[in-house]
Structures are given as structure tokens and as C-alpha cells.
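S.K.: Handing you a structure now.
Each value in this text was obtained by applying a stated rule to the coordinates, not by laboratory testing. No experiment lies behind these values; they were computed from the predicted model shown. All Cβ positions, even for glycine, are placed from backbone atoms using ideal geometry, and neighbour counts span all protein chains on display.
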Amino acid sequence: MTTPLNEMMASGVYVEARDREGNTIAQSVFTDWGARPVPAVGDSVRCLMTAVAGRRRLEVSGHVVSRHFEVQREPDRQTSVWVALVIVVPLPSRPAPAGLRQHAALFSEN
């Protein structure tokens with residue numbers, strides 16, 4: 001591959017939140033990820049997501065249980081890396097507070 005890694009890291013992250021039984025409860029896509037590091041398995045995550053049931057915005061907190069990388073070639077021949085994270089949410093999520101940024105995401109610094 002000829003594209004330097006630091007250029008490929010300017011990609012997107014898809015986050016899927018699941019309850020303890022494995023049911024998907026919310027999801028979100030972060031297309032402006034930039035060169036920030038991707039959370040590892042075990043890292044804590046807190047972000048705004050859209051609930052699968054009801055399509056309302058939720059503030060979700062959990063821990064990463066899996067992550068998958070996919071390298072894609074865009075039509076303009078640019079290479080990008082997309083990451084899919086699955087997080088488990090141990091407690092019920094709450095509605096997002098008013099005024100919180102559309103795609104706020106906080107990750108632990110493990």
C-alpha cells in the first residue's frame with residue numbers, strides 16, 4: 001500500500017451500542033475523526049448516539065468490546081480506513097442534555 005498511515009487515519013468511526021444481552025440500542029457515525037487514535041478494546045466511551053427505537057438522541061456510556069478496521073478505496077483512488085466499534089452499555093442510557101454538540105465523543109486515555 002502506498003498511502004502513508006497518517007493520511008489513512010483521517011477516516012470515520014461507526015459506533016454501535018449494545019445492552020448486556022447483545023441487543024443494539026443506539027448507533028452513530030463520526031465522519032470527522034481526523035488523526036485521533038481509535039479507542040482500543042476495554043477503553044471507556046461516552047458519546048451522543050441515535051436510539052434504534054424511537055430515533056431520539058441519547059448520551060451513551062460504555063466500554064469497547066470489539067473493533068474492526070476496513071480499508072476502502074474511494075472513487076478518486078484515495079484510500080480511507082473505517083473503524084466499527086461495538087460498546088456495551090451497562091446502565092440505561094439517558095436522553096441527551098439540551099445544548100450538547102451534535103456528535104460529541106469522549107474516550108478514555110488507556
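S.K.: Order these by the 10 Å Cβ neighbour count, fewest first: 61, 28.
M.R.: So the ranking, lowest neighbour count to highest, is 61, 28.
S.K.: What is the order of 16, 21, 70, fewest Cβ neighbours within 10 Å to most?
M.R.: Ordered from fewest to most neighbouring Cβ atoms within 10 Å, 16, 21, 70 come out as 21, 70, 16.
S.K.: Starting from 0.36 nm per residue, how many nanometres of slack lie between residue 74 and residue 32 once their C-alpha separation is accounted for?
M.R.: Using 0.36 nm per residue and subtracting the Cα-Cα distance, I get 13.5 nm.
S.K.: While we're on this one: Taking amide hydrogens as modeled 1.01 Å from N in the peptide plane, which residues meet the under 5 Å criterion relative to residue 43, leaving out close sequence neighbours?
M.R.: Excluding prolines and chain starts, which carry no amide H, the hits are 64.
S.K.: Same structure again: What full-extension length gain, to one decimal in nm, is calculated for residue 63 and residue 46 as 0.36 nm per residue of separation minus the Cα-Cα distance?
M.R.: Extra length available between residue 63 and residue 46 comes to 5.2 nm.
S.K.: Calculate, in nm to one decimal, what residue 24 and residue 53 gain on full extension: separation in residues at 0.36 nm each, minus their alpha carbon distance.
M.R.: 9.5 nm
S.K.: Continuing with this model, one more query. Taking other Cβ within 10 Å of each residue's Cβ, how do 11, 44, 66 sort, fewest first?
M.R.: By the 10 Å Cβ count, ascending, the order reads 66, 44, 11.
S.K.: What net charge is computed for the residues neighbouring residue 62, neighbours being all others with C-beta under 9 Å from the C-beta of residue 62, Lys and Arg scored +1, Asp and Glu -1?
M.R.: Surrounding charge for residue 62 is +2.
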